[in-house]
Amino acid sequence: MDKIKIDLKTLILIISTACIVAGFYYTTKARLDEAEREISFLWSSVGDLQKESKRLNRQIRSLKKEKGQSK
């Protein structure tokens, strides 16, 4: 069986490159997870604001009707 001979400098380079790639991956994943949570929160806020907007528009129409009838 042939043994693979790897120079110490090459081994250090491979290990450090693997650590850098792993760090980049986990950092990016954490940022994407945080962005996904923020987007979910914002979408729920948009839904709440749309409901509130509909409610306010109904009130405005109702007030305009009442004002128009009182003339």
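The values are calculated or read from the model by the stated rules, or taken from the named source; none is laboratory data. The structure presented is a predicted model; accordingly, all values stated were derived computationally and were not measured.
Consider the stretch 1-57 and keep the residues that are among the acidic types (Asp, Glu) and not in a helix (DSSP H, G or I). The one that is modelled with the lowest pLDDT is Asp2.
Each residue in the stretch 17-57 was checked for being small (Gly, Ala, Ser) and more than 30 Å from the chain's Cα centre (by Cα), and 0 pass.
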